[in-house]
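Heads up, the thing below is written out as structure tokens.
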Amino acid sequence: MFGRLGAPEIILILVVIILLFGAKKLPDMARSLGKSARILKSEAKAMKNESKTDDSAPADPPSPEQAAAQRTIQAAPGDVTSSRPVTEPTDTTKR
């Protein structure tokens, strides 16, 4: 039923997307999708590296400066914003 998408169907889908979102917003949407993919990839890589180090002997906990340096998200090439550290939520409840 939906198994074959040819050139006319793909062109029709693209035209509908352009009409729905507008031609001006499509590059911004693609740019933000690319940024999100890069951030996801870097976070997955960091988690993988973190799990490898967890398997080894326990080490001293990093200082706050080192922890902040480890959790910095790099800006994409051509991005106008600079790199910024990720703020981790803190537990403020009193027990």
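The values are calculated or read from the model by the stated rules, or taken from the named source; none is laboratory data. Predicted model, so just to flag it, every value in this text is computed and none were measured. Each accessible area value is taken on the protein alone, full model and side chains, heavy atoms only, with ligands, DNA and RNA left out. Shrake-Rupley method; radii C 1.70, N 1.55, O 1.52, S 1.80 Å.
Could you tell me how many of the residues in segment 1-19 are assigned to a helix (DSSP H, G or I) and open to solvent by less than 100 Å² (accessible area, probe 1.4 Å)? Outline the logic, then answer.
Residues of segment 1-19 assigned to a helix (DSSP H, G or I): 7-19.
Next, only the ones that are open to solvent by less than 100 Å² (accessible area, probe 1.4 Å) stay: 7-10, 13-18.
Result for segment 1-19: 10.
Name every residue in segment 20-34 that is open to solvent by 70 Å² or more (accessible area, probe 1.4 Å) and in a helix (DSSP H, G or I), in order of residue number.
Result: LEU20, PHE21, LYS25, ASP28, MET29, ARG31, LEU33.
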